[in-house]
Protein chains: 2
Amino acid sequence: MIKAYAAFEPGGKLKPFEYDPGVLGIDDVEIDVEHCGICHSDLSMINNDWGFSEYPLVPGHEVVGTIAIVGEQVTNFKIGQRVGLGWHAGYCMTCHSCLDGDHNLCAQSQGTIIGRHGGFADKVRAQAASVVALPDAMDMQAAGPLFCGGITVYNPLVQFDVKPSDKVGVIGVGGLGHIALQFLNAWGCEVTAFTSNDSKKAEALTMGAHHTINSRNITEIEAAAGQFDLLLSTVNVKLDWNAYVATLRPKGRLHFVGATLDPLDLGVMPLIMGQRSISGSPVGSPANIANMLAFAVRHNINPVVENYRLDQVNEALENLEAGNIRYRIVLS
Amino acid sequence: MIKAYAAFEPGGKLKPFEYDPGVLGIDDVEIDVEHCGICHSDLSMINNDWGFSEYPLVPGHEVVGTIAIVGEQVTNFKIGQRVGLGWHAGYCMTCHSCLDGDHNLCAQSQGTIIGRHGGFADKVRAQAASVVALPDAMDMQAAGPLFCGGITVYNPLVQFDVKPSDKVGVIGVGGLGHIALQFLNAWGCEVTAFTSNDSKKAEALTMGAHHTINSRNITEIEAAAGQFDLLLSTVNVKLDWNAYVATLRPKGRLHFVGATLDPLDLGVMPLIMGQRSISGSPVGSPANIANMLAFAVRHNINPVVENYRLDQVNEALENLEAGNIRYRIVLS
């Protein structure tokens, strides 16, 4: 039996829950969970914000632990090996996206907490291909958030060929943004943090930003006209996106990793005149997660985390919902 | 004196107009105009749709002719050489975009018909750097429309690294779209033409399309879900852009070269989940115009034109405004 914490109804408190995971699939592994980050999408799934949650629901998709059991066809992991697991716990492995190395875009991918049970537990299972080995030098305690928040902001740097000579703005300094600042600084870029929270400005500068701009002060935004090669938006609120587009240089890109639900209302002419792009991306592939972990170790990049015990999960979720976290929670 | 046709007020008929161009600039050339295409933006400028027209206004920015005089510092052209001139008649030559080969994105670029007099005339002047030599094998009669309509649809293939293995859709089969179909077919792509005009479907197939879809039939559009690497929109009307985004494959791009004035109203989640991009671009740089001309000659790509004499310009403009042209007008 696997001992977990589950929500039993939309928005419900998490309660202890045991389940029998059945026979281990031949391509799967079982992981002894040591740490598990909490992501805003865990909260969205608990609350059934997206309409496809199934209960009991065991959240947790920023898992770090060690391999406990391997399925009979698994050759890439051995018992006791340190690994991590993110948003995806399985891929079809044969669609065009999977065969092209874009497993994260597989239409048949399985979410770790969608129709499966996640990492707020003593053990979790996943297809071996979706699990990534931790580099030896990586600290397990803070690594969890790299597997969802981290790869979400790292992946665009690879996908869109961001260059060390680029000027980049990060919109929002939170769970995703504070990791983005570190990655972009290490990537060699000139980094500007956009935040509406004055108390985060000094911290943003210590995490890699060279400059800060108030994300809701239109005068400051307008003063940055034509500056940025890339803007990476990590927020889920509506901002004045046309004003942000105007801060892009010719050929610049406004890229969304935060899921704002309001339509974008974008003018076409500023895109045409400046050859600008608008885009989005989800988490990354296993290969890019491995690539990111090596980069994070080499540059000493660590999520800034607050630690809670697994039995304090409801308190942790309340603090996350209240916006009190700097900058990511890890359950241990 | 240069003999031209000019509009003397917004929306006015064109009338004969003579002007003294003054002393030729040391970096400029004077071209004897042989042919000049008519572009929708000539009409927009005549009508002052964009609010910055100056009268008398001599339209015409798809010019083909021969070099008549060269300024004293001009070394790249000789008298009598066959050349063309498009939307831009000058660049600052020293901004970052110019120095990087992106003259078409120069913020100080000079439009051929903005604050200058264009090609509905016996002669026109331009900075030598903005003029491009015609390949020997190129037919002068039909080449004019390549210098604005042609480069506008060719440039994105270069800028966004479109591959011969890509599936591409062209939205709108008109002055721009009919050239795009030819370029994309020669580029090696699988090409679909989107048009609401059933009578254009058969012609689209002869111009390079492998398939056609009715651009206003939502059932046909929905049936194409997840297919395209690139959609190139040449229209200036509002379509159901979210339905078009759904026809893109993962990593696909919806690219605008037609200036629709309504905001795009795009949902963010389909961009994030499929790593999709929305973008736009204007005309191309002189280097890419030269690149395009060589490609057009090698692949026997020619705009399909209707010829009028320069003194029939008002009749030609009326037919353009009425949407009766297949597919581009050239004045000779």
- Item | Residue check for residue A:67: more than 18 Å from the chain's Cα centre (by Cα), of a type in the set (A, V, I, L, M) and surrounded by fewer than 20 Cβ atoms within 10 Å (Cβ to Cβ) | no
- Which condition does residue A:270 not pass, out of (1) within 23 Å of residue A:121 (Cα to Cα); (2) part of a helix (DSSP H, G or I), if it passes all the others? (1)
- Query: Is segment B:197-210 home to any residue that is surrounded by 20 or more Cβ atoms within 10 Å (Cβ to Cβ) and farther than 29 Å from residue B:37 by Cα?
  - Reply: no
- Which listed residue is modelled with pLDDT under 95 and either under 16 Å from residue B:327 (Cβ atoms) or of a type outside the set (Lys, Arg) (or both), from B:237, B:245: B:237
- Task: Could you please let me know if residue A:186 is touching a residue at least 40 places away in the same chain (Cβ under 8 Å), out of contact with any Gly (no Cβ under 7 Å at 6 or more places or on another chain), surrounded by fewer than 19 Cβ atoms within 10 Å (Cβ to Cβ) and not basic (Lys, Arg)?
- Result: yes
- Item | Close pairs from segment B:297-318: first assigned to a helix (DSSP H, G or I), partner of a type in the set (Phe, Trp, Tyr), Cβ under 9 Å, at least 6 apart | B:310/B:5; B:310/B:120; B:311/B:5; B:313/B:5; B:313/B:120; B:314/B:5; B:315/B:308; B:316/B:308
- Note on the structure: If we ask which residues in segment B:230-283 are facing another protein chain (nearest Cβ under 7 Å), within 18 Å of the chain's Cα centre (by Cα) and among the hydroxyl-bearing types (Ser, Thr, Tyr), their number turns out to be 3
- Pairs only if they're at least six apart or on different chains, beta carbon under 7 angstrom, first in segment B:260-285 and in contact (Cβ under 8 Å) with a residue 24 or more places away in the chain, second of a type in the set (Ser, Thr, Tyr) and assigned to a loop (DSSP other than H, G, I, E, B); list them, first residue then second. B:275/A:281
- Out of segment A:50-96, which residues are in contact with a helix residue (DSSP H, G or I) (Cβ under 8 Å, 6 or more places away or on another chain) and among the aromatic types (Phe, Trp, Tyr)? A:50, A:77, A:87, A:91
- Determine whether segment B:76-83 contains at least one residue that is of a type outside the set (S, T, N, Q), in contact with a Cys (Cβ under 7 Å, 6 or more places away or on another chain) and at negative phi. no
- Note on the structure: Turns out the strands (runs of 3 or more DSSP E) fully within segment B:1-80 with at least 3 residues that are without any contact (Cβ under 8 Å) to a residue 60 or more places away in the chain and closer than 28 Å to residue B:307 by Cα are B:14-19, B:63-70
- Does residue B:109 satisfy the condition of being modelled with pLDDT of 95 or more, assigned by TED's automatic domain parsing to the domain that holds residue B:133, polar (S, T, N, Q) and under 26 Å from residue B:332 (Cβ atoms)? no
- Item | segment A:253-284, subset small (Gly, Ala, Ser) and out of contact with any strand residue (DSSP E or B) (no Cβ under 9 Å at 6 or more places or on another chain), residue modelled with the lowest pLDDT | A:267
- Query: How many of the residues making up segment A:81-133 are part of a loop (DSSP other than H, G, I, E, B), more than 14 Å from chain B (Cβ to nearest Cβ) and farther than 20 Å from residue A:156 by Cα?
  - Reply: 12
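The values are calculated or read from the model by the stated rules, or taken from the named source; none is laboratory data. Not measured: the values here are computed from a predicted model. When we count neighbours, we look across all protein chains shown, and the Cβ atoms used for this are built from the backbone with ideal geometry, even at glycine.
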